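For reference, the structure discussed in these notes is given below.
The values are calculated or read from the model by the stated rules, or taken from the named source; none is laboratory data. Just so it is clear, the structure is predicted and the values come from calculations on it, not from any experiment. Neighbour counts are summed over all protein chains in view; Cβ atoms, including those assigned to glycine, are modelled from backbone coordinates with ideal geometry. Quick note on the areas: whole protein, heavy atoms, side chains included, nothing else; ligands and nucleic acids left out. Shrake-Rupley method; radii C 1.70, N 1.55, O 1.52, S 1.80 Å.
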Amino acid sequence: QPRFTKAAPKLLPGWTYKSIRELCSEIVDCLHRTPEYCEEGYPAIRTSDIEFGVLRWQSASRVSRDEFLIQTSRLLPRAGDILFSREGGRMGMAALVPEGVSRCISQRMMHLRAADDFPPSMIVEYLNSSWVQTQIAMSTSGSASPHVNVGDVKDFMVPVPPEDLMCVVAARCAELAG
């Protein structure tokens, strides 16, 4: 479930806002193509494979090595990266990529990589917050296939704690992420 209130959190002294664009070294949209699925191979993460904070890669459809290379041509997901659903009925859900399995994104997904100096778990918790869910609802386009634009996601503002609290907040976010 989303974890923050619908109103923007009032910042405590020393806290600042930074955009997703400022906190991520990479922000990649899907290729807007349907990969050719097969029985065995690499998991291709779709919106149906993600929930708030949970990536259900075990049940994801599979793609061949050739399809995997096409789908990862913009960025190869690695452990600790963030996958975000930006279209459809399951829009606005984020989860961390776990260790141990090569995977790619399919349609309607975004791939974010936190900057080296910012904990990805904090971005995931923020993207899954009710405050962001409200922003998504207000900026949603399309009636047949509702979606949030990549530019809007990049502009979402994240409350950032002062450096002396960063480790504490990051640890709590990692605990929540699970």
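So if I check each of GLU175, GLU125, GLU99, GLU163, which one is acidic (Asp, Glu), open to solvent by less than 40 Å² (accessible area, probe 1.4 Å) and at negative phi?
GLU125
If we keep just the residues of region 142-160 that are within 20 Å of VAL28 (Cβ to Cβ) and open to solvent by 40 Å² or more (accessible area, probe 1.4 Å), which is nearest to the chain's Cα centre (by Cα)?
Restricting to residues being within 20 Å of VAL28 (Cβ to Cβ) and open to solvent by 40 Å² or more (accessible area, probe 1.4 Å), the top hit is LYS154.
With the requirement that a residue be among the acidic types (Asp, Glu) and at pLDDT 95 or above, what does region 59-96 give you? Working first, answer last.
The initial filter retains those residues of region 59-96 that are among the acidic types (Asp, Glu), namely 66-67, 81, 87.
If the condition is that a residue be among the acidic types (Asp, Glu) and at pLDDT 95 or above, then ASP66, GLU67, ASP81 are the ones that fit.
List every residue pair whose Cβ atoms sit under 6 Å apart, with the two residues 6 or more apart in sequence or on different chains, where the first one lies in region 144-160 and is farther than 16 Å from THR134 by Cα and the second, anywhere, is open to solvent by 60 Å² or more (accessible area, probe 1.4 Å) and among the polar types (S, T, N, Q).
From residues that are farther than 16 Å from THR134 by Cα, the pairs are VAL160/THR16.
Out of the strands (runs of 3 or more DSSP E) lying entirely within region 93-178, which hold 2 or more residues that are more than 26 Å from GLN71 (Cα to Cα)?
The qualifying strands (runs of 3 or more DSSP E) are 157-160.
Going through region 31-74 one residue at a time, which ones are surrounded by 20 or more Cβ atoms within 10 Å (Cβ to Cβ), of a type in the set (Asp, Glu) and farther than 16 Å from VAL97 by Cα?
GLU67
Within region 16-58, work out how many residues are in a strand (DSSP E or B), modelled with pLDDT of 95 or more and farther than 22 Å from LYS154 by Cβ.
Number satisfying all stated conditions: 5.
Name the residue, out of GLU26, GLU39, GLU51, that is more than 13 Å from the chain's Cα centre (by Cα) and either without any contact (Cβ under 8 Å) to a residue 24 or more places away in the chain or closer than 28 Å to PRO161 by Cβ (or both).
GLU39
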